[in-house]
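These notes are about the structure you will find just below.
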Amino acid sequence: MLSILLLPLLAILALAAPLESRAPKYNVTSMNEALKRGSGILGSYSKCSGSLCSWMSKVSDTTKITDMSIPGTHDTASWDYTLLKQLSYLKYTNIIYPSALYRCGTQSIFAQLAAGNRAFDLRVGFAPNGKDLVFFHSEALLDINARFEDVIQGFYRFLEENPTESLLISVKDENATWGTTQALQQSLYTTLTSSVAQSYVNPSTSISSTALSAVRGKMTILRRFALDQLSSSQQSLGIDLTNGWSDNNADFSLTTPSGDKVFIEDLYEPKADKIGLTPNVNLKLNATTTHISASSSKSKGDGLYITFASSEQAYQLLFPQVMAQGLIVPGVNQGLKKWLTTGQGKGLKKKGIVFTDFASETSGLVEAIIA
Ligand SMILES: *[C@@H]1O[C@H](CO)[C@@H](O)[C@H](O)[C@H]1NC(C)=O
Ligand SMILES: *[C@@H]1O[C@H](CO)[C@@H](O)[C@H](O)[C@H]1NC(C)=O
Ligand SMILES: *[C@@H]1O[C@H](CO)[C@@H](O)[C@H](O)[C@H]1NC(C)=O
């Protein structure tokens with residue numbers, strides 16, 4: 001009797017087994033090479049573990065991506081830009097601002113993913129060899145070894161292992177000093193449309209009606225680089241944010257060629273006539289919470305809302321870390337967490353994408369954005 005009951009079960013298990021051990025959609029050899037070479041930006045690989053690795057599994061399939069609350073990291077690749085690293089690249093960059101002005105976090109990309117972040121802000125340019133695409137924050141060369149395609153492979157690895165999740169990858173051309181703009185466009189286009197990319201990159205150029213189910217296990221490119229120097233068949237890729245981005249603006253919008261409305265808060269250097277940390281933090285915090293509220297109520301319209309909680313005020317030595325974490329007095333992150341957990345932001349849904357600096361230093365901030 002027992003064996004009669006067990007037989008169908010065994011048959012199911014036998015059928016299921018090959019699925020469990022199915023080959024990944026990427027080339028294992030080149031994945032291992034990429035994770036090794038990319039470790040200066042990706043961090044060392046370990047499979048995502050912890051309760052936030054699959055937080056999107058609790059979001060219903062039919063939810064529109066633009067109706068979600070998605071935490072992200074601003075200037076994602078700058079997390080290990082220490083003074084030591086800066087000094088070791090002095091021969092390429094000459095004297096630039098102190099490393100602290102460029103550094104926007106402390107967690108590796110794999111750790112950022114494990115902490116629940118799903119939006120990433122990548123800024124690329126040519127390495128001094130004029131060939132490899134690597135990461136920059138303005139004139140700061142962040143790592144000489146980790147290539148753009150390596151870091152993208154790291155995201156593929158995460159998606160392969162966490163197929164309920166969806167990523168938003170902003171890619172900006174930051175520095176073409178050691179190459180041409182055309183070569184930079186070509187390199188980005190080639191990486192993001194390769195045969196392996198076709199398994200993981202959302203092919204749509206529009207996001208405003210995309211349901212989560214359509215992009216689980218995939219990344220959507222928020223494109224902050226032009227393709228105008230490529231052939232006409234290569235001029236579309238991802239969500240095109242190249243027209244209308246307004247520099248250091250607390251509240252602007254743009255419409256993509258596909259008709260998506262995108263509402264953005266990117267006041268990275270509060271135009272404070274006031275001196276000191278608290279006045280600058282208050283300005284930035286107001287811009288941030290005002291925009292998150294607008295996202296939640298869709299008061300500007302339906303579309304993709306992007307809020308940067310990150311900022312600096314260089315001439316007052318208010319580096320990103322100081323603005324985010326504060327110094328004796330609270331910074332933007334503590335204020336934002338308080339607003340989200342006990343203030344007017346409590347219980348808000350549809351916060352949009354919220355990019356932070358140093359979120360890992362304020363425990364519970366990422367969770368408060370997701371909530
Ligand atoms: C996988 O990548 C390696 C290294 O880049 C390459 O030599 C090999 O031919 C690739 N294998 C397949 C099946 O494409
Ligand atoms: C790119 O980086 C190099 C090296 O630091 C620097 O000399 C150049 O001014 C940078 N270009 C831009 C546009 O930031
Ligand atoms: C808060 O931000 C909004 C939107 O940027 C602005 O209209 C308002 O004047 C700001 N309030 C304060 C007190 O700064």
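The values are calculated or read from the model by the stated rules, or taken from the named source; none is laboratory data. Keep in mind the model is a prediction, meaning the values are calculated, not measured. Cβ sites come from the backbone with ideal geometry, for glycine too, and all protein chains shown count toward neighbours.
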**Request:** Taking only region 338-358 into account, find how many residues are assigned to a helix (DSSP H, G or I) and free of Cβ contacts under 8 Å to residues at least 12 places away in the same chain.
**Result:** 1
**Item:** Residue list for region 28-47, restricted to those being crowded, with 19+ Cβ neighbours inside 10 Å and within 11 Å of ligand 1 (Cβ to nearest atom)
**Value:** Met31, Ala34
**Prompt:** Given Ala314, Ala359, Ala371, which one is out of contact with any strand residue (DSSP E or B) (no Cβ under 6 Å at 6 or more places or on another chain), of a type outside the set (S, T, N, Q) and buried (at least 18 other Cβ atoms within 10 Å of the Cβ)?
**Reply:** Ala359
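Results for (1) buried (at least 21 other Cβ atoms within 10 Å of the Cβ); (2) within 23 Å of the chain's Cα centre (by Cα); (3) within 16 Å of ligand 2 (Cβ to nearest atom); (4) assigned to a helix (DSSP H, G or I), shown as yes or no for each residue.
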residue	(1), (2), (3), (4)
Tyr81	yes, yes, yes, no
Leu87	no, no, yes, yes
Ile95	no, no, yes, no
Ala100	no, yes, no, yes
Cys104	yes, yes, no, no
Leu113	yes, yes, no, yes
Val124	yes, yes, yes, no
**Request:** Pairs only if they're at least six apart or on different chains, beta carbon under 8 angstrom, first in region 178-201 and at negative phi and part of a helix (DSSP H, G or I), second of a type in the set (Lys, Arg) and more than 16 Å from ligand 3 (Cβ to nearest atom); list them, first residue then second.
**Result:** Ser199/Lys25; Tyr200/Lys25; Tyr200/Lys218
**Asked** Could you say whether any residue in region 284-306 is assigned to a loop (DSSP other than H, G, I, E, B) and either under 17 Å from Cys104 (Cα atoms) or modelled with pLDDT under 95 (or both)?
**Response** no
**Prompt:** Right, Gly335: part of a helix (DSSP H, G or I) and within 16 Å of ligand 3 (Cβ to nearest atom) or not?
**Reply:** yes
**Request:** Within region 77-111, track down each residue that is free of Cβ contacts under 8 Å to residues at least 60 places away in the same chain and polar (S, T, N, Q).
**Result:** Thr82, Gln86, Ser88, Thr93, Asn94, Ser99
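So, in region 202-236, exactly how many residues are in a helix (DSSP H, G or I) and touching a residue at least 40 places away in the same chain (Cβ under 8 Å)?
4
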**Message:** Within region 298-318, does at least one residue satisfy the condition of being in contact (Cβ under 8 Å) with a residue 60 or more places away in the chain and of a type in the set (Lys, Arg)?
**Reply:** no
**Request:** Determine, yes or no, whether Gly217 is more than 16 Å from ligand 1 (Cβ to nearest atom), of a type in the set (Gly, Ala, Ser) and touching a Lys or Arg at 6+ places or on another chain (Cβ under 6 Å).
**Result:** no
**Item:** For Asp247: the one exception among (1) within 16 Å of ligand 2 (Cβ to nearest atom); (2) under 17 Å from Gly352 (Cβ atoms)
**Value:** (2)
**Asked** Counting just the residues of region 55-68 that are surrounded by 14 or more Cβ atoms within 10 Å (Cβ to Cβ) and within 21 Å of Gly364 (Cβ to Cβ), which one comes out nearest to ligand 2 (Cβ to nearest atom)?
**Response** Met68
